[in-house]
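Here's the structure, in structure tokens; my notes come after.
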Amino acid sequence: MRRYSFYILGFLSLAIAVLAYSYFIEPNRLVVNETELVISHLDPAFDGIRIAAISDIHGGSNGASRQNIERVVRTINEQNADIVVILGDYVSHEGDPADAPMQIEEVAELLAPIEAKHGVFAVLGNHDGFYGKERVAAALKNGGITVLQNEIASINHNGRTLRLLGLNDHMQFIEWRLYDEQIRGVLQNDARSGDIIVLQHSPDVFRLVNHFKVPGDDFRLMIAGHSHGGQVWLPVLGSPLVPSSFGQKYVSGLIEENGRRMFVTTGIGTSQLPFRFLVPPEIAVLTVRSK
């Protein structure tokens, strides 16, 4: 009996330690993950371009205090990126915006000092839609951030044009077909040419990119967030709770399908549960290489 009591006490102690770490320590960590992406058919002019990506700030959530967001901004600027992309979910509330733990104007003010050679570009996420996408977009624009809502921005790098296609969050649409038609319309109305990097909050849209052939032959890379990397990673089980229709398939990191590539960053803040375990807040720095 004493032996069993010892085992039970040990298990409970371990569980408490893991919960304490997951609540107090890991959400307040910050890692910079550098990844080199070799992209077939990429214009050689873009070889070596550096993109810093963050997502899911969820201002005011556990791990996304004012001080932590300021640290994220300082760390991004230390990377000397050519482009910075922010992939949605700036706020942390689904109900009355007045009840949000941090208002979008404060989040946007904290993000405003981010710098990059070719600019800072943002898309909106599902929480931004719950909160009020017009208000979120206006606050970010006031902070000098370019917000792309089914829009294309272009940058000139080494004399060549690179296009950034920023898509609205797919959760606004009931049918994939309608979403597909909107994207096709955006591309048809763009007279520019050049390689395309897709910015989208949810990695689930990679399905559309692959199977509906959008945005076509110019597509080179998609960058997304939303998953939080599952927030919790467990040995053997992986990440049991991933907000995706495809389970753990698009949970984080580099994914390749049908010769096309997507990178999913694990985000900054927390949502639903205030814990992170073995999935620390991340700034992803992507160095793109031409093949």
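The values are calculated or read from the model by the stated rules, or taken from the named source; none is laboratory data. Just so you know, these numbers come straight off a predicted model, no measurement behind them. Glycine also receives a Cβ, built like all others from the backbone with ideal geometry; neighbour counts cover every protein chain displayed. Note: accessible area is taken over every heavy atom of the protein model, side chains too, but ligands, DNA and RNA are not part of it. Shrake-Rupley method; radii C 1.70, N 1.55, O 1.52, S 1.80 Å.
Go through region 34-48 and report how many residues are more than 8 Å from L286 (Cα to Cα) and in contact with a Leu (Cβ under 9 Å, 6 or more places away or on another chain).
5
So which residues in region 185-209 are at pLDDT below 90 and in contact with a Gly (Cβ under 9 Å, 6 or more places away or on another chain), if there are any at all?
L187
Criterion first (open to solvent by 20 Å² or more (accessible area, probe 1.4 Å), within 25 Å of V123 (Cβ to Cβ) and at pLDDT 95 or above) does N62 satisfy it?
So N62 fits the description; yes.
Select from region 241-269 the residues that are among the small types (G, A, S) and at pLDDT 95 or above and write down the one among them that is surrounded by the most Cβ atoms within 10 Å (Cβ to Cβ).
G269
Of the conditions (1) surrounded by fewer than 24 Cβ atoms within 10 Å (Cβ to Cβ); (2) among the charged types (D, E, K, R); (3) touching a residue at least 24 places away in the same chain (Cβ under 8 Å), D56 satisfies every one except a single condition; which number is it?
That leaves (1) as the condition not met.
Before we move on, is V91 open to solvent by less than 10 Å² (accessible area, probe 1.4 Å) and part of a helix (DSSP H, G or I)?
Considered against the rule, which asks whether it is open to solvent by less than 10 Å² (accessible area, probe 1.4 Å) and part of a helix (DSSP H, G or I), V91 comes out as no.
Test of understanding: among I16, I76, I69, which residue is out of contact with any Ser or Thr (no Cβ under 7 Å at 6 or more places or on another chain), open to solvent by 20 Å² or more (accessible area, probe 1.4 Å), β-branched (V, I, T) and assigned to a helix (DSSP H, G or I)?
Result: I16 is the single residue among I16, I76, I69 that is out of contact with any Ser or Thr (no Cβ under 7 Å at 6 or more places or on another chain), open to solvent by 20 Å² or more (accessible area, probe 1.4 Å), β-branched (V, I, T) and assigned to a helix (DSSP H, G or I).
Quick check on region 37-51. Is at least one of its residues over 27 Å from N258 (Cβ atoms), of a type in the set (F, W, Y) and modelled with pLDDT of 95 or more?
No, that holds for no residue.
For region 135-149, does any single residue satisfy the condition of being part of a loop (DSSP other than H, G, I, E, B) and either over 25 Å from I83 (Cβ atoms) or of a type in the set (S, T, Y) (or both)?
no
Can you tell me which residue is nearest to the chain's Cα centre (by Cα) among those in region 116-145 that are surrounded by 17 or more Cβ atoms within 10 Å (Cβ to Cβ), farther than 22 Å from P243 by Cβ and not small (G, A, S)?
Applying the filter and picking the extreme gives F121.
Would you be able to say whether some residue in region 98-115 is touching an Asp or Glu at 6+ places or on another chain (Cβ under 7 Å), closer than 28 Å to P274 by Cα and either aliphatic (A, V, I, L, M) or surrounded by fewer than 24 Cβ atoms within 10 Å (Cβ to Cβ) (or both)?
Yes, region 98-115 contains a residue that is touching an Asp or Glu at 6+ places or on another chain (Cβ under 7 Å), closer than 28 Å to P274 by Cα and either aliphatic (A, V, I, L, M) or surrounded by fewer than 24 Cβ atoms within 10 Å (Cβ to Cβ) (or both).
Among the numbered criteria (1) of a type outside the set (S, T, N, Q); (2) over 19 Å from N126 (Cα atoms); (3) within 13 Å of the chain's Cα centre (by Cα), which one does R261 miss?
(3) is the only condition that R261 fails.
Would you mention how many residues in region 30-53 are closer than 27 Å to P101 by Cβ and open to solvent by 20 Å² or more (accessible area, probe 1.4 Å)?
Count: 4.
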